[in-house]
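Student: Please find one structure pasted underneath; my questions will follow.
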Amino acid sequence: LKSPVILLLCVIYFGIAGINFGLNFFVPHIVHNFGVGLFLTGCISAIPFFIGGVGMIVWGWHSDKHNERRFHVLSAMCLAIAGLGGATLIGDPVVKLILLCIASFGVFSCIPVFWTLTPTMLSPAAVAVALAVVNSIGNLAGFSAPFVVGLLKDMTGTVNAGLQVVVLLGLIAVVLLSLLLRHQSNLTKKPTMAISR
């Protein structure tokens, strides 16, 4: 916990997990507000997660094929932010669903690449414990994100304001990860701090 890199990774993963949990918890609620019944809500809600599952496989394969992590994790996270943020601003159900699909593709594609990138920023001795700490603290978003969205929904009558807070956390995560990657790339001469290309 004294390592600045590990603390930054905790904050970054908190932002990524926040978007993930925001989608997981509230996509059915958003879809149900399209005015469809429960059965159609379930069917339509599955579409973004199907797209996310495909994205996870294809994006991970593409990242491995090109042995490139930085672009893949940052661009996927930007898609998640743009998709979820856009969905909170658009009223048209079809466009909103498309944006939710983009958000799902982004966040589900980002997570596996993030976990392949993270160990390259740490010394071999620290990797196991560091990954456990990052995962544990980052997954506190599983409580925080739905709680904030639910609280703001009670105050405003809509999930949009809460999801915009979640998007802000994701945006902070992207900025911090960009800065961390830039800093780490300047240290590539040190083997324990090298970043995969």
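The values are calculated or read from the model by the stated rules, or taken from the named source; none is laboratory data. For clarity, every value in this text was computed on a predicted model and none was experimentally measured. Methodologically, a virtual Cβ is constructed for each residue, glycine included, from the backbone with ideal geometry; neighbour enumeration extends over all protein chains shown. Surface areas here come from the heavy atoms of the whole protein model, side chains and all, with no ligands, DNA or RNA. Shrake-Rupley method; radii C 1.70, N 1.55, O 1.52, S 1.80 Å.
Student: If you place +1 on the Cβ of every Lys and Arg, -1 on the Cβ of every Asp and Glu, and leave all else neutral, what size is the dipole of the chain about its Cα centre, to the nearest 20 Debye?
Tutor: On the way: 10 positive and 4 negative charges, 133 e Å.
For this selection, approximately 640 debye.
Student: Still on this structure: From the list (i) 28; (ii) 23; (iii) 20, can you say which value of percent of Cα pairs over 31 Å apart was derived from the structure given?
Tutor: The listed entry that was calculated here is (iii).
Student: Leu7 versus Phe147, label points 7 Å from Cα toward the beta carbon: distance in nm?
Tutor: With each label point 7 Å from Cα toward Cβ, the separation is 2.1 nm.
Student: On a 0 to 90° scale, report how tilted helix 70-89 is relative to the longest principal axis of the chain, with both axes built from alpha carbons and the result rounded to the nearest 10.
Tutor: Rounded to the nearest ten degrees, it is 20.
Student: What is the set of long-range amide H partners of Glu68 at a cut-off below 5 Å, with H atoms built 1.01 Å from backbone N?
Tutor: Residues meeting the amide H criterion: none.
Student: Give the peptides 118-125, 22-29 in descending order of average Cβ contacts within 10 Å, highest first.
Tutor: Values: 118-125: 15.9, 22-29: 20.5.
Ranking the peptides 118-125, 22-29 by packing returns 22-29, 118-125.
Student: Tell me what the chain gives for mean residue ellipticity at 222 nm when only DSSP H runs of n ≥ 4 count, each as -39,500 (n - 2.57), the sum divided by the residue total, rounded to 500 deg cm²/dmol.
Tutor: Details: 7 runs with 157 residues, N = 197.
Counting only the DSSP helices, I get -28000 deg cm²/dmol.
Student: Lys65: accessible area at probe 1.4 Å, nearest 10 Å²?
Tutor: My reading of the accessible area for Lys65 is about 130 Å².
Student: Going by accessible area, probe 1.4 Å, with all protein chains left in place, what is the ranking of Asp64, Asp154, largest first?
Tutor: Numbers: Asp64 95, Asp154 130 Å².
My answer, sorted largest first, is Asp154, Asp64.
Student: Helix 160-185 versus the longest principal axis of the chain: what angle, 0 to 90°, nearest 10, using Cα atoms?
Tutor: So the inclination is approximately 20 degrees.
Student: To the nearest 10 degrees, how steeply does helix 141-156 sit against the main Cα axis of the chain, on a 0 to 90 scale?
Tutor: Approximately 30 degrees, to the nearest 10.
Student: Using a Förster distance of 22 angstrom, determine the FRET efficiency expected from the C-beta separation of Ala125 and Asn186, and round it to 0.05.
Tutor: On the way: r = 22 Å, r/R0 = 1.01.
For Ala125 and Asn186, the calculated efficiency is 0.50.
Student: Set Lys and Arg Cβ to +1 and Asp and Glu Cβ to -1, take the dipole of the chain about its Cα centre, and tell me which of Leu1, Phe49, Phe143 lies farthest positive.
Tutor: Leu1
Student: Also, I was wondering about something else. Relative contact order of the chain: what whole-number percent is it, with Cα pairs under 8 angstrom and at least 6 residues apart? Please list the in-between numbers first.
Tutor: Details: 282 pairs, mean separation 70.9, N = 197.
After rounding, I find 36 percent.
Student: Between segment 117-184 and segment 77-99, what's the alpha-carbon centroid distance in Å?
Tutor: Answer, in whole Å: 19.
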